[in-house]
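Asker: Let me begin by handing over the structure; questions about it come next.
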Amino acid sequence: MSYFLQLVVSGIVVGSIYALSALGFVLIYKSSRVINLAHGQIIASGCFITYALNVWVGIPIYLAFVLSLIITFFLAMGVERLFLRRLIGEPIISVIMVTIGLMSILDGIIYLTPFGAENFSFPEFLPTTPIMMGDVSISWTQLVGVIITALLIGGFSWFFKKTTIGIAKRAVADDQLAAMSIGVSVPKVFGLAWATAGLTAAAAGGIIGNITGLNFDTLHAVGITVFPVVILGGLDSILGAVVAGIIMGLIQQFAGGYLDGNWGLNSTAEVLPYIILLIILLIKPHGLFGTHEIERV
Amino acid sequence: MKTNKKVLICYIAASFILFAAALQPAAAQTYKIGLSLAITGPTSDAGVPYSKGVEDYFKYANDMKLLGDDKLDCMIKDDAYKTDVTKRNFEEFLDQGIELYLNYSTGSTLGLKKDFEEEKIPTLPASFHAGNLDDSNYIFLPIVSYSGQLIGLAEYVTKMHQGETPKVAMFIHPSAFGRGPVEDLKKAVEAGLNIEIVEVVEHGKDLDNTAMLKRLSSKGVQYVFCHTVQSPVATMLKDAQRLDVAASKFGENGKMTFLGIHYTGGNDLIALAGDASENFFWTTSYTLTSEDTDGARIQLEMAKKYGRDDKIANSHNYTNGIMVAQIAVEAIRRTKAKGKKIVRENLYEELNAMNGMNAFYPVTTVGPVTYSKTDRQGVDTLQLYKVKNGVFRSTGSTFTSEYYKKIQ
């Protein structure tokens, strides 16, 4: 039983981190219908900024983490202002191509820094002894990751439901023209969507970097790893990202725990999420919580 | 009459020119070498120090006049770990007139194997995949293959393990690079190597290895052999520490001892895994700068001379690059000493003659480089290292794999 519980706990931990990483995709898609393929690079950038502020500048880790959220918030806003604002109204495929270009540009910039080709590790700032719940263990890093994820996701849910800007963002997502007609500034909403996505990416980067160490390949690959989560949850649903993240985390852990190494199976934890994703999409093409748009022609 | 006079003048002039040319000392030559590798993209954390090692040793050879007045011109190009780019780089190098080629990844070495054969160009890759040598005559591995390293590691385990047949799992990279030595280890077991391979795990982009570690633990796995890059090993070691399944000393009962071969270890592993890397066992054929050896001293002096930072200076992949360049320079030096022209064919012959009394002893390896027409794996000797107080320290004396010879 403890084996099962350990897999559940690990699945939830990994799933929460997936959810946080997927949140950036959702925030941008929700307001602008754009899939940002450079999200993995932004996750990595957030992590590197936290490290640089903490280790090179000497700012305490928690403050460095918060500062990295702020810096990435404005960086992402700048990216939107510089590259994407002028594409408002252009075909979505053009905007997606720009995000591919952005991915290459960010890759190039990161390769110019030591983070491109060197490995780093955050100094230990949390106890290394795990928290034990009976036979089930969870590390402090994982626990802090789950708490930060819960706070951010809770915060964003509240933001979208209760604040004027949040409601404006939802209005833009629903119908840009109608939103504009009631005085909502669509460009500002887009900028804010990118900025908040940058903030969540930096948070995810900080958490993942603490778990895996700072390796550019590992960090930017998260952007691709979480893509099935985004699709499964429904591209525009925060709740969907959370539920799908946890489903994916649990599937991976159970596949690794019960299937791999048995009956000649191997690496099912890598494949199974995609198989389940396909099955669910056959039944629910818009994902678990995605908006089902009806177009009348 | 006039015509005869003209011919005579031309003849005298030509003779004079030839005589003068014979009296002139031979003009200094420049020998071109190409290196294509991942300076950006996947595995660039290994590629960058490797390229600096190659670059610095060739600079050193020129500065110290190891080839007299002749110079080496090593062209280095980034391929971002993409085989198609490597092929393009290689073709550009051929156009530039290279006589020796340095390659990098397993995928591109396998992919360009036929090109090396067609061009008859001696090639030294950074990949130690044994399959590079199948149906190939021109590829020379700098050190013993991944298979040889892994089987050597397994032999060490059988020697040191107490109790019944040791249960082993393999933790490998999901690629040709990772899968390379799996079959060879299985062959060694069939040949009598006393280990039980319980499971071969191809890792993914894992943020958590709990399921895998718990599963291996429940199957009674005692040793985990790693053959991948540092980052996934570091994540696994951290999880093993958290789950309290990592042995605190070799072969600790009820726990798992983690071991790895060349590309799993080095200072980057310690940087990524921190405390969790303690008691990780690692084998390679290179000397380390954490040990007081001539090789380490020379490496650090060279890094200082060419302005490398501490991280590069102490990287085992910097050592790796230096060593490959050393082999290239030595082959050219020997060819030149015999009065032969520096061309692919002569370099190939000279590399194949590097054995017995003519073995090459680079200071940065734990054994000599020996090549012949039937043996194109350079250094056969291995050294085991273990992380102690955050530093890799050698443990025991050097060794070679007996079973690897048996299965070849």
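The values are calculated or read from the model by the stated rules, or taken from the named source; none is laboratory data. Not measured: the values here are computed from a predicted model. Backbone-built Cβ (ideal geometry, glycine too); neighbour counts: all protein chains shown.
Asker: From A:Val189, A:Val226, which residue is surrounded by 19 or more Cβ atoms within 10 Å (Cβ to Cβ) and either without any contact (Cβ under 8 Å) to a residue 12 or more places away in the chain or under 17 Å from the mean Cα position of the chain (by Cα) (or both)?
Answerer: Details: A:Val189 fails: either without any contact (Cβ under 8 Å) to a residue 12 or more places away in the chain or under 17 Å from the mean Cα position of the chain (by Cα) (or both).
Residue meeting the stated conditions: A:Val226.
Asker: Taking helices (runs of 4 or more DSSP H) that do not extend beyond segment A:202-274, which have at least 2 residues that are under 22 Å from A:Val144 (Cβ atoms), more than 12 Å from every other protein chain (Cβ to nearest Cβ) and of a type in the set (A, V, I, L, M, F, W, C)?
Answerer: On the way: elements: A:216-225, A:227-233, A:238-254.
Passing ranges, in order: A:238-254.
Asker: B:Ala271 versus (1) at pLDDT 90 or above; (2) in contact with a Gly (Cβ under 8 Å, 6 or more places away or on another chain); (3) under 24 Å from B:Ser105 (Cβ atoms); (4) within 14 Å of chain A (Cβ to nearest Cβ): which is the lone unmet condition?
Answerer: All conditions pass for B:Ala271, except number (1).
Asker: Test of understanding: among B:Gly367, B:Gly339, which residue is touching a residue at least 12 places away in the same chain (Cβ under 8 Å), in the same structural domain as B:Ala61 (by TED's automatic domain parsing), among the small types (Gly, Ala, Ser) and farther than 18 Å from B:Tyr138 by Cβ? Give the steps one after another, and end with the answer.
Answerer: Numbers: B:Gly339 fails: touching a residue at least 12 places away in the same chain (Cβ under 8 Å).
Unique residue meeting the criteria: B:Gly367.
Asker: So, one more: Taking B:Lys120 and the conditions (1) more than 30 Å from A:His220 (Cα to Cα); (2) more than 14 Å from chain A (Cβ to nearest Cβ); (3) crowded, with 22+ Cβ neighbours inside 10 Å; (4) at pLDDT 95 or above, which numbered condition does it fall short on, given that it satisfies the others?
Answerer: It fails just one condition, (3).
Asker: Okay, moving on. Out of segment B:202-240, which residues are in a helix (DSSP H, G or I), among the basic types (Lys, Arg) and over 20 Å from A:Phe4 (Cβ atoms)? Reasoning before the result, please.
Answerer: Narrowing segment B:202-240 to residues in a helix (DSSP H, G or I): B:210-218, B:230-240.
When the remaining residues are screened for being among the basic types (Lys, Arg), the result is B:214-215, B:238.
Answer for segment B:202-240, where residues must be in a helix (DSSP H, G or I), among the basic types (Lys, Arg) and over 20 Å from A:Phe4 (Cβ atoms): just B:Lys238.
Asker: Also, I was wondering about something else. Evaluate the following for B:Val85: is it among the β-branched types (Val, Ile, Thr) and either closer than 24 Å to B:Ala313 by Cβ or touching a helix residue (DSSP H, G or I) at 6+ places or on another chain (Cβ under 6 Å) (or both)?
Answerer: Numbers: among the β-branched types (Val, Ile, Thr): yes; either closer than 24 Å to B:Ala313 by Cβ or touching a helix residue (DSSP H, G or I) at 6+ places or on another chain (Cβ under 6 Å) (or both): no.
No, not satisfied.
Asker: Next question. Among the residues that make up segment A:190-199, is at least one of them of a type in the set (A, V, I, L, M) and within 27 Å of B:Gly204 (Cβ to Cβ)?
Answerer: To start, the set of residues in segment A:190-199 that are of a type in the set (A, V, I, L, M) comprises A:192-193, A:195, A:197, A:199.
Pick out the ones that are also within 27 Å of B:Gly204 (Cβ to Cβ) and you get A:197.
The answer is yes, given that some residue of segment A:190-199 is of a type in the set (A, V, I, L, M) and within 27 Å of B:Gly204 (Cβ to Cβ).
Asker: Kindly provide the set of residues from segment B:128-163 that are in contact with an Asp or Glu (Cβ under 9 Å, 6 or more places away or on another chain) and among the charged types (D, E, K, R), ordered by number.
Answerer: The answer is B:Asp135, B:Glu155.
Asker: In addition: May I ask you to list the residues in segment B:274-296 that are over 23 Å from B:Phe128 (Cβ atoms), within 14 Å of chain A (Cβ to nearest Cβ) and either in contact with a Gly (Cβ under 6 Å, 6 or more places away or on another chain) or not in a loop (DSSP other than H, G, I, E, B) (or both)? Spell out how you get there, then give the answer.
Answerer: Filtering segment B:274-296 down to residues over 23 Å from B:Phe128 (Cβ atoms) leaves B:274-276, B:278-279, B:292, B:294.
Adding the requirement that they be within 14 Å of chain A (Cβ to nearest Cβ) leaves B:274-276, B:278.
Of everything in segment B:274-296, those that are over 23 Å from B:Phe128 (Cβ atoms), within 14 Å of chain A (Cβ to nearest Cβ) and either in contact with a Gly (Cβ under 6 Å, 6 or more places away or on another chain) or not in a loop (DSSP other than H, G, I, E, B) (or both) turn out to be B:Gly274, B:Asp275, B:Ala276.
Residue-wise test of (1) at pLDDT below 85; (2) not β-branched (Val, Ile, Thr).
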site	(1), (2)
A:Ala179	yes, yes
A:Ala193	no, yes
A:Ala201	no, yes
A:Gly213	no, yes
A:Val222	no, no
A:Gly256	yes, yes
A:Trp263	yes, yes
A:Ala269	yes, yes
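Asker: Are any of the residues in segment B:244-260 within 9 Å of chain A (Cβ to nearest Cβ) and buried (at least 17 other Cβ atoms within 10 Å of the Cβ)?
Answerer: Going residue by residue through segment B:244-260, those that are within 9 Å of chain A (Cβ to nearest Cβ) are B:244.
Of the ones still in play, those that are also buried (at least 17 other Cβ atoms within 10 Å of the Cβ) are none.
Checked segment B:244-260: no residue is within 9 Å of chain A (Cβ to nearest Cβ) and buried (at least 17 other Cβ atoms within 10 Å of the Cβ).
Asker: Do we have A:Gly183 as surrounded by fewer than 24 Cβ atoms within 10 Å (Cβ to Cβ) and either over 16 Å from the mean Cα position of the chain (by Cα) or part of a helix (DSSP H, G or I) (or both) here? Reasoning before the result, please.
Answerer: Numbers: surrounded by fewer than 24 Cβ atoms within 10 Å (Cβ to Cβ): yes; either over 16 Å from the mean Cα position of the chain (by Cα) or part of a helix (DSSP H, G or I) (or both): yes.
Here the answer is yes, as A:Gly183 does meet what is asked.
Asker: Pick from segment A:116-132 the residues that are outside any loop (DSSP other than H, G, I, E, B) and in contact with a helix residue (DSSP H, G or I) (Cβ under 8 Å, 6 or more places away or on another chain): which of them is farthest from the other protein chains (Cβ to nearest Cβ)? Show your work before the answer.
Answerer: As a first pass, look at segment A:116-132 and keep what is outside any loop (DSSP other than H, G, I, E, B): A:116, A:120, A:131-132.
Restricting the remaining residues to those that are in contact with a helix residue (DSSP H, G or I) (Cβ under 8 Å, 6 or more places away or on another chain) gives A:116, A:120, A:131.
Details: A:Gly116: 7, A:Phe120: 6, A:Ile131: 10 Å.
Ranking the candidates gives A:Ile131 first.
Asker: Every residue in segment B:374-408 that is free of Cβ contacts under 8 Å to residues at least 60 places away in the same chain and under 22 Å from B:Glu330 (Cα atoms), please.
Answerer: The answer is B:Thr374, B:Asp375.
Asker: Separate question: Checking B:Gly107 against (1) surrounded by fewer than 21 Cβ atoms within 10 Å (Cβ to Cβ); (2) of a type outside the set (A, V, I, L, M); (3) more than 22 Å from B:Phe177 (Cβ to Cβ): exactly one of these is not met. Which one?
Answerer: (3)
Asker: Among B:Glu92, B:Glu117, B:Glu55, B:Glu155, which is the only one that is within 19 Å of B:Asn352 (Cβ to Cβ) and in a helix (DSSP H, G or I)? Steps first, answer last, please.
Answerer: Working: B:Glu92 fails: within 19 Å of B:Asn352 (Cβ to Cβ); B:Glu55 fails: within 19 Å of B:Asn352 (Cβ to Cβ); B:Glu155 fails: within 19 Å of B:Asn352 (Cβ to Cβ).
The match here is B:Glu117.
Asker: Being facing another protein chain (nearest Cβ under 8 Å) and among the polar types (S, T, N, Q) is the filter here; which residues of segment B:210-232 pass it?
Answerer: Of everything in segment B:210-232, those that are facing another protein chain (nearest Cβ under 8 Å) and among the polar types (S, T, N, Q) turn out to be B:Thr210, B:Ser218, B:Gln230, B:Ser231.
Asker: Further, regarding this structure: Being in a loop (DSSP other than H, G, I, E, B) and either of a type outside the set (Gly, Ala, Ser) or modelled with pLDDT under 90 (or both) is the filter here; which residues of segment B:241-250 pass it?
Answerer: Step one: of segment B:241-250, the residues in a loop (DSSP other than H, G, I, E, B) are B:243-245, B:247-250.
The answer is B:Leu243, B:Asp244, B:Val245, B:Lys249, B:Phe250.
Asker: Just checking, how many residues over segment A:20-48 are of a type outside the set (Val, Ile, Thr), away from chain B (no Cβ under 12 Å) and assigned to a helix (DSSP H, G or I)?
Answerer: Start the filter on segment A:20-48 by keeping residues that are of a type outside the set (Val, Ile, Thr), which leaves A:20-25, A:27, A:29-33, A:36-41, A:44-48.
Still in the list and also away from chain B (no Cβ under 12 Å): A:22-25, A:27, A:29-33, A:36-39, A:41, A:44-48.
Checking the rest, the ones that are also assigned to a helix (DSSP H, G or I) come to A:22-25, A:27, A:29-32, A:39, A:41, A:44-48.
Residues in segment A:20-48 being of a type outside the set (Val, Ile, Thr), away from chain B (no Cβ under 12 Å) and assigned to a helix (DSSP H, G or I): 16 in total.
Asker: Hey, does segment A:51-69 have a residue that's under 17 Å from A:Pro114 (Cα atoms), in contact (Cβ under 8 Å) with a residue 12 or more places away in the chain and within 13 Å of chain B (Cβ to nearest Cβ)?
Answerer: Taking every residue of segment A:51-69 in turn, at least one turns out to be under 17 Å from A:Pro114 (Cα atoms), in contact (Cβ under 8 Å) with a residue 12 or more places away in the chain and within 13 Å of chain B (Cβ to nearest Cβ).
Asker: Moving to a separate point now. For segment B:297-403, please list each of the strands (runs of 3 or more DSSP E) lying entirely inside it that holds at least 1 residues being under 27 Å from B:Ala271 (Cα atoms) and more than 16 Å from the chain's Cα centre (by Cα). I'd like the intermediate steps shown before the answer.
Answerer: Details: elements: B:377-379, B:383-388, B:391-394.
The qualifying strands (runs of 3 or more DSSP E) are B:383-388, B:391-394.
Asker: Okay, next question. Only one of these is away from chain A (no Cβ under 14 Å) and surrounded by fewer than 20 Cβ atoms within 10 Å (Cβ to Cβ): B:Glu155, B:Glu164, B:Glu202. Name it.
Answerer: None of the others qualify; the one that does is B:Glu164.
Asker: Just need a number here: residues in segment B:167-199 that are in a loop (DSSP other than H, G, I, E, B) and either surrounded by fewer than 20 Cβ atoms within 10 Å (Cβ to Cβ) or within 9 Å of another protein chain (Cβ to nearest Cβ) (or both).
Answerer: Going through segment B:167-199, the residues in a loop (DSSP other than H, G, I, E, B) turn out to be B:173-175, B:180-181, B:191-195.
Keeping just the survivors that are either surrounded by fewer than 20 Cβ atoms within 10 Å (Cβ to Cβ) or within 9 Å of another protein chain (Cβ to nearest Cβ) (or both) gives B:174-175, B:191-192, B:194.
Total satisfying the criteria: 5.
Asker: Continuing with this model, one more query. Suppose we keep only residues that are away from chain B (no Cβ under 14 Å) and surrounded by 14 or more Cβ atoms within 10 Å (Cβ to Cβ) within segment A:133-164. Which one would you say is farthest from B:Gly274 (Cα to Cα)?
Answerer: If we filter segment A:133-164 for residues that are away from chain B (no Cβ under 14 Å), which is where we start, we get A:147-148, A:150-164.
Filter once more, keeping what is surrounded by 14 or more Cβ atoms within 10 Å (Cβ to Cβ): A:148, A:150, A:152-153, A:156-157, A:159-160.
On the way: A:Ile148: 23, A:Ala150: 28, A:Leu152: 29, A:Ile153: 31, A:Phe156: 34, A:Ser157: 37, A:Phe159: 38, A:Phe160: 40 Å.
The residue in question is A:Phe160.
Asker: Just the residues that are surrounded by fewer than 18 Cβ atoms within 10 Å (Cβ to Cβ) and either modelled with pLDDT under 85 or under 29 Å from B:Asp268 (Cβ atoms) (or both), please, taken from segment A:97-113.
Answerer: Start the filter on segment A:97-113 by keeping residues that are surrounded by fewer than 18 Cβ atoms within 10 Å (Cβ to Cβ), which leaves A:97, A:100-101, A:104-105, A:108-109, A:112-113.
Matches in segment A:97-113: A:Ser104, A:Ile105, A:Gly108, A:Ile109, A:Leu112, A:Thr113.
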